[in-house]
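Down below is the structure, laid out as structure tokens.
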Amino acid sequence: MGMTMTQKILAAHAGLEQVTAGQLIEADLDLVLGNDITSPVAIKEMEKFNTQSVFDKDKIALVPDHFVPNKDIKSAEHCKCVRNFARKNEITNYFEVGEMGIEHALLPEKGLTVPGDVIIGADSHTCTYGAVGAFSTGIGSTDMAAGMATGKAWFKVPSAIRFVLTGKPAEWVSGKDIILHIIGMIGVDGALYKSMEFTGDGIAELSMDDRFTIANMAIEAGAKNGIFPVDDKTKAYLEEHTKRSYKVYEADEDAEYDETYTIDLSSLKPTVAFPHLPENTKTIDQVGDIAIDQVVIGSCTNGRIDDMRIAAKVLKGRHVAQGIRCIIIPATQAVYLQAMEEGLLKIFIEAGAIVSTPTCGPCLGGYMGILAEGERCVSTTNRNFVGRMGHVNSEIYLASPAVAAASAVTGRISCPCQLD
């Protein structure tokens, strides 16, 4: 019986020639990730273990990014806990203010994620790194503690769903629209504990930033992970960002999939997820007239340089509508610097937006964009649950940077194609 791409990676890391869906395995880890919210819990758990240090100081990444720069005393204490742990254990990959970024944008940028890796992170969107052909998945803080101590983790081998992407997306259709379309099609539990494996000639039409966005939101369909094949674009990205060696795994021709979906990218339209689930999608022509109060462009889903460029393309020569708050958050210091050098920040500020240092803040209702009762926000983040960005009676509409920027200009959910 053939294996999927994910199953091959897990088999190799478990020291097995073959694995099958549902099998329990213990696999070696290439990277263990934590942030300022999840790491303190893991650190306290690790203190209970009979171990004096981490398994490998080079294979742990600690990235305070959710409430940084610290928004209050509690968040400052959390970061202090992580900082002290990193110093004590001489953690190589510790990134704080000045060097930091949103973890799932920062780690690939730093070259810490490569094809064939097994990566766990105490953050549900750790599945992002499937964009470069790694098996990466979110875990709880206790599993993070065990991973830091032993370098191993238990997994149930997932079955898989194959998504065959064909064609070329139209203008203003991006990775965000593709993954929202898929989630709208299969539902938030449509890939529950399964691997979402993407293939097809349409992948060549997607930038790496598109792929990071798609893999990032695999968890919003309930998936264990999302994963892309390694092609020339992947290799070019890796050449630019890392010196690590890696191994490319490909699915067997007779690999088993629970379902196969074929999606013609040329047929897709800009897509918006209505409150209060990512599956509640409508194409831009189905949205209707919905007034908004705030726009957020950023996050681990859409805070990369392509996202900044698209937002700037829409906002250039235009102005944010009266009464609309437009918050733009480059995902890393490198993205921030590149956006500055390309003149994008000037475009944002002249358009009436504000630009923040990298942070997850508004995405999880932390700070830098909390919603009051009755307010509506168009956001490029990944979740629109009840109360996710503030008051339980606020509303979040998930969209691409293009739609978010156009909506900031009109004060209503809009597509750039609807601007004058």
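The values are calculated or read from the model by the stated rules, or taken from the named source; none is laboratory data. Just so we're clear, the structure is a prediction, and the values are computed from it rather than from any experiment. Reconstructed Cβ throughout: ideal geometry from the backbone, glycine too, with neighbour counts over all protein chains shown. Each accessible area value is taken on the protein alone, full model and side chains, heavy atoms only, with ligands, DNA and RNA left out. Shrake-Rupley method; radii C 1.70, N 1.55, O 1.52, S 1.80 Å.
Tabulated data
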quantity: In the range 266-298, the residues that are of a type in the set (Asp, Glu), buried (at least 16 other Cβ atoms within 10 Å of the Cβ) and over 21 Å from the mean Cα position of the chain (by Cα); calculated: 293
quantity: Check on residue 292, at pLDDT 95 or above, closer than 22 Å to residue 214 by Cα and among the hydrophobic types (A, V, I, L, M, F, W, C); calculated: no
quantity: Close pairs from the range 186-202: first assigned to a loop (DSSP other than H, G, I, E, B), partner among the hydroxyl-bearing types (Ser, Thr, Tyr) and open to solvent by 10 Å² or more (accessible area, probe 1.4 Å), Cβ under 8 Å, at least 6 apart; calculated: 194/159; 200/166; 200/262
quantity: Count of residues meeting criterion [open to solvent by 70 Å² or more (accessible area, probe 1.4 Å) and not in a loop (DSSP other than H, G, I, E, B)] in the range 36-56; calculated: 2
quantity: Residue identified as surrounded by 21 or more Cβ atoms within 10 Å (Cβ to Cβ), in contact with a strand residue (DSSP E or B) (Cβ under 9 Å, 6 or more places away or on another chain) and at pLDDT below 95 among 100, 144; calculated: 100
quantity: Of all residues in the range 323-341 being in a helix (DSSP H, G or I) and open to solvent by 20 Å² or more (accessible area, probe 1.4 Å), the one that is farthest from residue 303 (Cα to Cα); calculated: 341
quantity: Residue in the range 205-221 that is assigned to a strand (DSSP E or B), over 18 Å from residue 102 (Cα atoms) and acidic (Asp, Glu) present; calculated: no
quantity: Residue in the range 197-205 that is open to solvent by 10 Å² or more (accessible area, probe 1.4 Å) and touching an Asp or Glu at 6+ places or on another chain (Cβ under 7 Å) present; calculated: yes
quantity: Sole residue being part of a helix (DSSP H, G or I) and either within 22 Å of the chain's Cα centre (by Cα) or not β-branched (Val, Ile, Thr) (or both), chosen from 414, 407; calculated: 407
quantity: Qualifying residue in the range 225-246 (condition: among the β-branched types (Val, Ile, Thr) and open to solvent by 40 Å² or more (accessible area, probe 1.4 Å)); calculated: no
quantity: Some residue of the range 368-377 being crowded, with 22+ Cβ neighbours inside 10 Å, of a type outside the set (Ser, Thr, Tyr), in contact (Cβ under 8 Å) with a residue 60 or more places away in the chain and in contact with an Asp or Glu (Cβ under 8 Å, 6 or more places away or on another chain); calculated: yes
